[in-house]
Amino acid sequence: MKDLNGIVRDSLHSVAPEVDFSGLNRERPLRDQVELDSMDFLNFIARISKETGVRIPAAALHDLRSLREIEEYLRGSS
Amino acid sequence: MFDFRMPSLGADMEAGRLLEWKVKPGDRVTRGQVVAVVDTDKAAIEVEIWKTGIVREILIQKGEKVPVGTVLARVELAGEAHEEALPEETRLKETRPAAAAVTGPLQGSAGTRSPIQKVIARAMETSKREIPHYYLSRRVCIDPLLEWIGIENARRSVEDPILPIAPLVWAVARACGEQPLMNGHFREGEFLPAATVNPALVISLRSGGSIAPALLDAGSLTIPEIMVRIRDLVIRSREGSGIRSSEFGEGTITVTNLMDSGVDRVFGVIHPPQVALVGIGTPFCEAFEKGSGPCFRTVVEVSLSGDHRVSDGRIGARFLGAIDEHLQGPGKR
(Lines give C-alpha, C1' and ligand atoms only; values in the text may rest on other atoms or scores of the structure.)
Protein backbone atom coordinates (compact mmCIF):
# COMPACT_ATOMS: atom_id res chain seq x y z
CA MET A 1 0.00 0.00 0.00
CA LYS A 2 1.11 3.54 -0.74
CA ASP A 3 2.10 5.92 2.02
CA LEU A 4 -1.06 6.17 4.13
CA ASN A 5 -0.32 9.57 5.55
CA GLY A 6 0.21 10.96 2.05
CA ILE A 7 -3.06 9.49 0.77
CA VAL A 8 -5.00 10.94 3.70
CA ARG A 9 -3.35 14.35 3.19
CA ASP A 10 -4.02 14.43 -0.56
CA SER A 11 -7.60 13.24 -0.06
CA LEU A 12 -8.24 16.01 2.46
CA HIS A 13 -6.71 18.56 0.11
CA SER A 14 -9.04 17.42 -2.65
CA VAL A 15 -11.99 18.81 -0.65
CA ALA A 16 -10.20 21.48 1.42
CA PRO A 17 -7.12 22.71 -0.47
CA GLU A 18 -6.31 25.43 2.06
CA VAL A 19 -5.71 23.12 5.04
CA ASP A 20 -2.29 23.00 6.71
CA PHE A 21 -2.20 19.24 7.17
CA SER A 22 0.86 19.09 9.42
CA GLY A 23 -0.79 21.56 11.82
CA LEU A 24 -3.79 19.29 12.51
CA ASN A 25 -4.24 17.54 15.84
CA ARG A 26 -4.44 13.83 15.03
CA GLU A 27 -6.52 12.97 18.11
CA ARG A 28 -9.26 15.55 17.81
CA PRO A 29 -12.25 15.18 15.46
CA LEU A 30 -11.28 16.52 12.08
CA ARG A 31 -14.54 18.40 11.62
CA ASP A 32 -13.80 20.42 14.79
CA GLN A 33 -10.63 21.68 13.15
CA VAL A 34 -11.49 22.01 9.47
CA GLU A 35 -14.68 23.40 8.00
CA LEU A 36 -16.12 20.33 6.28
CA ASP A 37 -19.81 19.74 5.78
CA SER A 38 -21.15 16.19 5.65
CA MET A 39 -20.81 16.08 1.85
CA ASP A 40 -17.15 17.22 2.01
CA PHE A 41 -16.42 14.68 4.71
CA LEU A 42 -18.04 11.91 2.70
CA ASN A 43 -16.06 12.86 -0.41
CA PHE A 44 -12.86 12.92 1.66
CA ILE A 45 -13.42 9.39 3.00
CA ALA A 46 -14.57 8.13 -0.41
CA ARG A 47 -11.35 9.45 -1.96
CA ILE A 48 -9.29 7.60 0.67
CA SER A 49 -11.26 4.43 -0.06
CA LYS A 50 -10.59 4.78 -3.78
CA GLU A 51 -6.86 5.53 -3.38
CA THR A 52 -6.18 2.74 -0.89
CA GLY A 53 -8.54 0.16 -2.41
CA VAL A 54 -10.03 -0.41 1.04
CA ARG A 55 -13.82 -0.77 0.95
CA ILE A 56 -15.24 1.39 3.71
CA PRO A 57 -18.88 0.65 4.66
CA ALA A 58 -21.14 3.70 4.81
CA ALA A 59 -21.99 2.82 8.40
CA ALA A 60 -18.31 3.32 9.37
CA LEU A 61 -18.47 7.04 8.56
CA HIS A 62 -19.58 7.84 12.09
CA ASP A 63 -16.57 6.07 13.61
CA LEU A 64 -13.95 7.82 11.48
CA ARG A 65 -13.70 11.17 13.19
CA SER A 66 -10.03 11.91 13.87
CA LEU A 67 -6.99 11.33 11.68
CA ARG A 68 -5.85 8.66 14.14
CA GLU A 69 -9.18 6.80 13.87
CA ILE A 70 -9.02 6.95 10.08
CA GLU A 71 -5.44 5.62 9.91
CA GLU A 72 -6.12 2.88 12.44
CA TYR A 73 -9.14 1.79 10.46
CA LEU A 74 -7.09 1.62 7.25
CA ARG A 75 -4.23 -0.29 8.90
CA GLY A 76 -6.71 -2.77 10.35
CA SER A 77 -8.28 -3.32 6.93
CA SER A 78 -5.14 -3.60 4.82
CA MET B 1 -28.93 29.15 -40.30
CA PHE B 2 -29.20 29.38 -36.53
CA ASP B 3 -27.50 32.07 -34.47
CA PHE B 4 -26.03 30.62 -31.28
CA ARG B 5 -26.00 33.53 -28.84
CA MET B 6 -24.48 34.38 -25.48
CA PRO B 7 -27.23 33.11 -23.16
CA SER B 8 -28.57 34.88 -20.10
CA LEU B 9 -27.62 32.64 -17.20
CA GLY B 10 -29.54 34.56 -14.59
CA ALA B 11 -31.53 37.76 -14.39
CA ASP B 12 -28.47 39.77 -13.36
CA MET B 13 -26.15 38.66 -16.09
CA GLU B 14 -25.21 41.35 -18.58
CA ALA B 15 -22.18 39.83 -20.25
CA GLY B 16 -20.08 36.71 -20.31
CA ARG B 17 -16.55 35.79 -21.26
CA LEU B 18 -16.01 32.90 -23.63
CA LEU B 19 -13.59 30.58 -21.84
CA GLU B 20 -13.54 27.66 -24.20
CA TRP B 21 -15.07 26.35 -27.39
CA LYS B 22 -15.86 22.64 -27.32
CA VAL B 23 -16.54 22.66 -31.06
CA LYS B 24 -14.93 24.04 -34.22
CA PRO B 25 -16.27 24.95 -37.66
CA GLY B 26 -17.41 21.84 -39.51
CA ASP B 27 -18.32 19.94 -36.32
CA ARG B 28 -21.74 18.36 -36.06
CA VAL B 29 -23.65 19.36 -32.90
CA THR B 30 -26.72 17.72 -31.41
CA ARG B 31 -29.25 19.34 -29.14
CA GLY B 32 -28.26 19.14 -25.50
CA GLN B 33 -24.57 19.08 -26.38
CA VAL B 34 -22.21 21.31 -24.41
CA VAL B 35 -20.59 23.50 -27.03
CA ALA B 36 -18.89 26.24 -25.03
CA VAL B 37 -17.79 27.25 -21.56
CA VAL B 38 -18.77 30.75 -20.51
CA ASP B 39 -17.48 32.65 -17.51
CA THR B 40 -20.18 34.70 -15.79
CA ASP B 41 -19.72 36.62 -12.58
CA LYS B 42 -20.90 33.53 -10.74
CA ALA B 43 -18.98 30.63 -12.17
CA ALA B 44 -17.86 28.93 -15.33
CA ILE B 45 -20.94 27.52 -17.02
CA GLU B 46 -21.08 24.85 -19.67
CA VAL B 47 -23.45 26.11 -22.33
CA GLU B 48 -25.61 23.69 -24.23
CA ILE B 49 -27.05 24.13 -27.67
CA TRP B 50 -30.71 23.23 -28.24
CA LYS B 51 -30.48 22.66 -31.97
CA THR B 52 -28.94 19.99 -34.13
CA GLY B 53 -26.76 20.95 -37.06
CA ILE B 54 -23.27 21.77 -38.23
CA VAL B 55 -21.12 24.60 -36.90
CA ARG B 56 -20.38 26.88 -39.85
CA GLU B 57 -18.70 29.88 -38.27
CA ILE B 58 -17.23 30.86 -34.90
CA LEU B 59 -17.65 34.62 -34.43
CA ILE B 60 -16.37 35.17 -30.90
CA GLN B 61 -12.99 33.87 -29.92
CA LYS B 62 -11.77 32.40 -26.66
CA GLY B 63 -11.12 35.09 -24.05
CA GLU B 64 -13.55 37.67 -25.45
CA LYS B 65 -16.20 39.17 -23.19
CA VAL B 66 -19.47 40.03 -24.92
CA PRO B 67 -23.00 41.18 -23.90
CA VAL B 68 -25.87 38.71 -23.51
CA GLY B 69 -27.48 38.10 -26.88
CA THR B 70 -24.31 38.49 -28.95
CA VAL B 71 -24.07 35.90 -31.70
CA LEU B 72 -21.23 33.53 -30.79
CA ALA B 73 -21.46 31.10 -33.68
CA ARG B 74 -23.56 30.26 -36.73
CA VAL B 75 -24.98 26.78 -37.06
CA GLU B 76 -26.53 25.23 -40.14
CA LEU B 77 -29.60 23.36 -38.96
CA ALA B 78 -30.27 19.74 -39.81
CA GLY B 79 -33.94 19.24 -40.61
CA GLU B 80 -36.53 20.00 -37.97
CA ALA B 81 -35.20 21.33 -34.69
CA HIS B 82 -37.01 21.22 -31.38
CA GLU B 83 -36.23 23.00 -28.18
CA GLU B 84 -37.58 20.45 -25.75
CA ALA B 85 -35.38 19.44 -22.86
CA LEU B 86 -33.26 16.34 -22.99
CA PRO B 87 -33.10 13.69 -20.31
CA GLU B 88 -30.41 14.56 -17.79
CA GLU B 89 -28.52 11.33 -18.41
CA THR B 90 -27.56 12.66 -21.82
CA ARG B 91 -26.12 15.78 -20.29
CA LEU B 92 -24.14 13.99 -17.64
CA LYS B 93 -22.21 12.07 -20.23
CA GLU B 94 -20.67 15.23 -21.60
CA THR B 95 -17.14 15.99 -20.58
CA ARG B 96 -16.33 18.70 -18.09
CA PRO B 97 -13.87 21.54 -18.58
CA ALA B 98 -10.58 21.56 -16.74
CA ALA B 99 -10.97 23.14 -13.33
CA ALA B 100 -7.80 25.14 -13.86
CA ALA B 101 -9.51 27.22 -16.51
CA VAL B 102 -12.10 28.59 -14.15
CA THR B 103 -10.55 29.18 -10.76
CA GLY B 104 -10.08 32.89 -11.34
CA PRO B 105 -13.59 34.29 -10.96
CA LEU B 106 -14.32 32.26 -7.86
CA GLN B 107 -11.46 33.55 -5.81
CA GLY B 108 -12.32 36.22 -3.30
CA SER B 109 -10.00 36.92 -0.43
CA ALA B 110 -11.17 37.95 3.00
CA GLY B 111 -12.28 41.55 3.15
CA THR B 112 -13.07 41.89 -0.53
CA ARG B 113 -16.36 40.90 -2.05
CA SER B 114 -16.06 38.34 -4.79
CA PRO B 115 -18.10 38.67 -7.99
CA ILE B 116 -20.33 35.81 -6.81
CA GLN B 117 -21.14 37.65 -3.62
CA LYS B 118 -22.02 40.78 -5.56
CA VAL B 119 -24.37 38.88 -7.86
CA ILE B 120 -26.08 37.23 -4.90
CA ALA B 121 -26.37 40.59 -3.18
CA ARG B 122 -28.18 42.03 -6.21
CA ALA B 123 -30.58 39.08 -6.48
CA MET B 124 -31.35 39.26 -2.77
CA GLU B 125 -31.98 43.02 -2.96
CA THR B 126 -34.45 42.45 -5.79
CA SER B 127 -36.11 39.68 -3.82
CA LYS B 128 -36.58 41.67 -0.62
CA ARG B 129 -37.76 44.73 -2.55
CA GLU B 130 -40.26 42.98 -4.80
CA ILE B 131 -41.41 39.75 -3.17
CA PRO B 132 -43.84 39.91 -0.22
CA HIS B 133 -42.46 36.98 1.75
CA TYR B 134 -44.39 34.98 4.31
CA TYR B 135 -42.72 32.37 6.52
CA LEU B 136 -43.96 29.09 7.96
CA SER B 137 -42.16 26.31 9.77
CA ARG B 138 -43.04 22.79 10.79
CA ARG B 139 -41.22 20.30 13.02
CA VAL B 140 -40.93 17.05 11.16
CA CYS B 141 -40.03 13.75 12.80
CA ILE B 142 -37.19 12.15 10.87
CA ASP B 143 -36.91 8.87 12.77
CA PRO B 144 -38.47 6.84 9.91
CA LEU B 145 -36.09 8.55 7.49
CA LEU B 146 -33.04 7.83 9.68
CA GLU B 147 -34.12 4.23 10.14
CA TRP B 148 -34.51 3.79 6.40
CA ILE B 149 -31.07 5.37 5.80
CA GLY B 150 -29.57 3.02 8.40
CA ILE B 151 -30.93 -0.02 6.53
CA GLU B 152 -29.78 1.31 3.17
CA ASN B 153 -26.32 2.29 4.38
CA ALA B 154 -25.72 -1.09 6.03
CA ARG B 155 -25.25 -2.54 2.55
CA ARG B 156 -23.70 0.54 0.93
CA SER B 157 -20.10 1.74 1.01
CA VAL B 158 -18.73 5.27 1.18
CA GLU B 159 -18.91 5.21 -2.63
CA ASP B 160 -22.70 5.41 -2.63
CA PRO B 161 -24.18 6.13 0.80
CA ILE B 162 -27.39 8.04 1.46
CA LEU B 163 -27.19 11.25 3.49
CA PRO B 164 -30.36 12.74 5.06
CA ILE B 165 -30.45 15.62 2.56
CA ALA B 166 -31.41 13.19 -0.25
CA PRO B 167 -34.76 12.04 1.17
CA LEU B 168 -35.49 15.64 2.20
CA VAL B 169 -35.01 16.92 -1.35
CA TRP B 170 -37.01 13.94 -2.60
CA ALA B 171 -39.90 14.83 -0.27
CA VAL B 172 -39.80 18.49 -1.35
CA ALA B 173 -39.92 17.42 -5.01
CA ARG B 174 -42.89 15.13 -4.33
CA ALA B 175 -44.73 17.88 -2.46
CA CYS B 176 -44.06 20.31 -5.33
CA GLY B 177 -45.70 17.87 -7.70
CA GLU B 178 -48.84 18.09 -5.57
CA GLN B 179 -48.71 21.84 -4.97
CA PRO B 180 -48.02 23.67 -8.24
CA LEU B 181 -48.17 27.12 -6.62
CA MET B 182 -44.77 26.52 -5.00
CA ASN B 183 -43.01 25.37 -8.14
CA GLY B 184 -42.49 27.86 -10.95
CA HIS B 185 -41.64 31.42 -11.85
CA PHE B 186 -43.20 34.85 -11.34
CA ARG B 187 -42.54 37.04 -14.35
CA GLU B 188 -44.14 40.33 -15.38
CA GLY B 189 -46.97 40.13 -12.90
CA GLU B 190 -47.89 36.55 -13.66
CA PHE B 191 -47.11 33.18 -12.11
CA LEU B 192 -46.25 30.35 -14.46
CA PRO B 193 -46.16 26.91 -12.84
CA ALA B 194 -43.27 24.78 -14.06
CA ALA B 195 -43.84 21.50 -15.87
CA THR B 196 -41.06 19.71 -13.98
CA VAL B 197 -39.67 20.07 -10.46
CA ASN B 198 -36.10 21.39 -10.56
CA PRO B 199 -35.02 22.17 -6.98
CA ALA B 200 -32.10 24.60 -6.91
CA LEU B 201 -29.74 23.56 -4.12
CA VAL B 202 -27.81 26.25 -2.28
CA ILE B 203 -24.19 25.11 -2.26
CA SER B 204 -21.67 27.12 -0.28
CA LEU B 205 -18.25 27.58 -1.83
CA ARG B 206 -14.95 27.47 0.01
CA SER B 207 -13.96 30.74 -1.62
CA GLY B 208 -16.99 32.46 -0.07
CA GLY B 209 -20.54 32.91 -1.27
CA SER B 210 -22.76 30.24 -2.68
CA ILE B 211 -24.40 29.17 -5.89
CA ALA B 212 -27.71 27.39 -6.43
CA PRO B 213 -27.66 25.07 -9.44
CA ALA B 214 -30.79 23.06 -10.13
CA LEU B 215 -31.30 19.35 -9.82
CA LEU B 216 -33.28 18.86 -13.01
CA ASP B 217 -36.53 16.88 -12.98
CA ALA B 218 -36.12 15.66 -9.40
CA GLY B 219 -39.79 14.61 -9.34
CA SER B 220 -39.00 11.60 -11.50
CA LEU B 221 -36.06 10.36 -9.39
CA THR B 222 -35.70 7.87 -6.55
CA ILE B 223 -33.89 8.82 -3.32
CA PRO B 224 -30.63 7.02 -4.27
CA GLU B 225 -30.72 8.73 -7.68
CA ILE B 226 -31.20 12.11 -6.00
CA MET B 227 -28.26 11.39 -3.69
CA VAL B 228 -25.98 10.67 -6.66
CA ARG B 229 -27.11 13.85 -8.38
CA ILE B 230 -26.69 16.06 -5.30
CA ARG B 231 -23.19 14.72 -4.76
CA ASP B 232 -22.35 15.37 -8.39
CA LEU B 233 -23.72 18.94 -8.19
CA VAL B 234 -21.77 19.69 -5.00
CA ILE B 235 -18.51 18.40 -6.42
CA ARG B 236 -18.93 20.30 -9.69
CA SER B 237 -19.94 23.50 -7.88
CA ARG B 238 -17.03 23.40 -5.47
CA GLU B 239 -14.54 22.68 -8.21
CA GLY B 240 -15.87 25.83 -9.86
CA SER B 241 -16.46 24.00 -13.08
CA GLY B 242 -18.94 22.02 -15.02
CA ILE B 243 -22.25 23.63 -14.06
CA ARG B 244 -24.46 23.59 -17.15
CA SER B 245 -26.47 26.55 -18.40
CA SER B 246 -29.65 24.50 -18.04
CA GLU B 247 -28.81 23.84 -14.39
CA PHE B 248 -28.28 27.52 -13.75
CA GLY B 249 -31.37 29.04 -15.26
CA GLU B 250 -34.04 26.46 -14.61
CA GLY B 251 -34.46 26.16 -10.85
CA THR B 252 -38.15 26.14 -9.96
CA ILE B 253 -37.86 26.24 -6.14
CA THR B 254 -34.83 26.57 -3.85
CA VAL B 255 -33.77 24.22 -1.07
CA THR B 256 -31.25 25.49 1.46
CA ASN B 257 -29.77 22.93 3.77
CA LEU B 258 -28.33 24.04 7.12
CA MET B 259 -28.43 20.58 8.72
CA ASP B 260 -24.73 20.82 9.55
CA SER B 261 -24.80 24.37 10.85
CA GLY B 262 -26.39 24.12 14.27
CA VAL B 263 -29.34 26.41 13.52
CA ASP B 264 -32.90 25.52 14.45
CA ARG B 265 -34.71 27.10 11.56
CA VAL B 266 -34.06 28.91 8.29
CA PHE B 267 -35.85 32.13 7.32
CA GLY B 268 -34.85 32.10 3.69
CA VAL B 269 -34.89 34.73 0.98
CA ILE B 270 -36.66 33.60 -2.20
CA HIS B 271 -34.50 33.51 -5.32
CA PRO B 272 -36.40 35.45 -8.01
CA PRO B 273 -38.09 34.60 -10.34
CA GLN B 274 -38.92 31.59 -8.13
CA VAL B 275 -41.75 31.85 -5.62
CA ALA B 276 -40.70 29.59 -2.76
CA LEU B 277 -37.72 28.43 -0.73
CA VAL B 278 -37.58 25.47 1.62
CA GLY B 279 -35.08 25.67 4.48
CA ILE B 280 -33.85 22.73 6.51
CA GLY B 281 -32.49 23.28 10.01
CA THR B 282 -30.27 21.09 12.15
CA PRO B 283 -31.91 17.93 13.55
CA PHE B 284 -32.41 17.70 17.30
CA CYS B 285 -33.91 15.32 19.80
CA GLU B 286 -37.14 16.23 21.58
CA ALA B 287 -39.33 14.65 24.20
CA PHE B 288 -42.99 14.07 23.42
CA GLU B 289 -45.87 12.46 25.22
CA LYS B 290 -46.89 9.02 24.12
CA GLY B 291 -49.39 6.97 26.09
CA SER B 292 -48.39 6.96 29.72
CA GLY B 293 -45.01 8.67 29.59
CA PRO B 294 -42.46 10.70 27.66
CA CYS B 295 -40.71 9.37 24.57
CA PHE B 296 -37.95 10.82 22.42
CA ARG B 297 -37.79 11.47 18.73
CA THR B 298 -35.46 13.20 16.26
CA VAL B 299 -37.00 16.18 14.52
CA VAL B 300 -35.95 18.80 12.03
CA GLU B 301 -37.53 22.19 11.35
CA VAL B 302 -38.59 22.42 7.73
CA SER B 303 -39.42 26.02 6.87
CA LEU B 304 -41.07 27.66 3.90
CA SER B 305 -40.53 31.17 2.58
CA GLY B 306 -43.43 31.76 0.23
CA ASP B 307 -44.39 34.51 -2.21
CA HIS B 308 -47.66 36.06 -1.05
CA ARG B 309 -48.49 37.19 -4.58
CA VAL B 310 -48.80 33.54 -5.55
CA SER B 311 -49.70 31.52 -2.47
CA ASP B 312 -50.73 32.05 1.14
CA GLY B 313 -50.33 30.55 4.58
CA ARG B 314 -53.01 27.91 4.11
CA ILE B 315 -51.48 26.64 0.89
CA GLY B 316 -48.00 26.84 2.40
CA ALA B 317 -49.12 24.88 5.44
CA ARG B 318 -50.52 22.14 3.23
CA PHE B 319 -47.25 22.07 1.32
CA LEU B 320 -45.21 21.59 4.52
CA GLY B 321 -47.71 18.94 5.60
CA ALA B 322 -47.13 17.09 2.34
CA ILE B 323 -43.35 17.17 2.87
CA ASP B 324 -43.87 15.77 6.37
CA GLU B 325 -46.15 13.03 5.09
CA HIS B 326 -43.66 11.90 2.45
CA LEU B 327 -40.87 11.78 5.04
CA GLN B 328 -42.83 9.34 7.17
CA GLY B 329 -42.44 6.68 4.48
CA PRO B 330 -39.28 7.37 2.50
CA GLY B 331 -38.45 4.98 -0.29
CA LYS B 332 -41.94 3.50 -0.43
CA ARG B 333 -42.90 5.33 -3.61
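The values are calculated or read from the model by the stated rules, or taken from the named source; none is laboratory data. Owing to the predicted nature of the structure, the values given are computational and were not obtained by experimental measurement. Positions of Cβ are generated from backbone atoms using ideal geometry, with glycine treated the same way; all protein chains shown enter the neighbour counts.
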Exactly one of A:SER49, A:SER77 is of a type in the set (S, T, N, Q), surrounded by fewer than 18 Cβ atoms within 10 Å (Cβ to Cβ) and free of Cβ contacts under 8 Å to residues at least 60 places away in the same chain, and that residue is A:SER77
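Hey, does the range B:199-220 have a residue that's touching a residue at least 40 places away in the same chain (Cβ under 8 Å) and in contact with a Cys (Cβ under 6 Å, 6 or more places away or on another chain)?
First, the residues of the range B:199-220 that are touching a residue at least 40 places away in the same chain (Cβ under 8 Å): B:199-202, B:205, B:207-212, B:215-219.
Keeping just the survivors that are in contact with a Cys (Cβ under 6 Å, 6 or more places away or on another chain) gives none.
Looking for residues that are touching a residue at least 40 places away in the same chain (Cβ under 8 Å) and in contact with a Cys (Cβ under 6 Å, 6 or more places away or on another chain), one finds none in the range B:199-220, hence no.
Looking only at the range A:13-23, how many residues end up being more than 12 Å from the chain's Cα centre (by Cα) and of a type outside the set (S, T, N, Q)? Steps first, answer last, please.
First pass over the range A:13-23, keeping only residues more than 12 Å from the chain's Cα centre (by Cα): A:17-20, A:22-23.
When the remaining residues are screened for being of a type outside the set (S, T, N, Q), the result is A:17-20, A:23.
Total meeting the criteria: 5.
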Of all residues in the range B:16-47 being assigned to a strand (DSSP E or B) and farther than 19 Å from B:GLU250 by Cα, which is farthest from the chain's Cα centre (by Cα)? B:ARG28
Of the residues in the range B:144-168 that are of a type outside the set (A, V, I, L, M) and surrounded by fewer than 14 Cβ atoms within 10 Å (Cβ to Cβ), the one that is farthest from the other protein chains (Cβ to nearest Cβ) is B:GLU147
Got a number for residues in the range B:214-232 being outside any helix (DSSP H, G or I) and either within 14 Å of chain A (Cβ to nearest Cβ) or among the β-branched types (Val, Ile, Thr) (or both)? 2
Only one of B:SER137, B:SER127 is modelled with pLDDT of 65 or more and not in a helix (DSSP H, G or I). Can you tell me which? B:SER137
Could you list all residues from the range B:233-254 that are within 14 Å of chain A (Cβ to nearest Cβ) and within 18 Å of B:TRP170 (Cβ to Cβ)? B:LEU233, B:VAL234
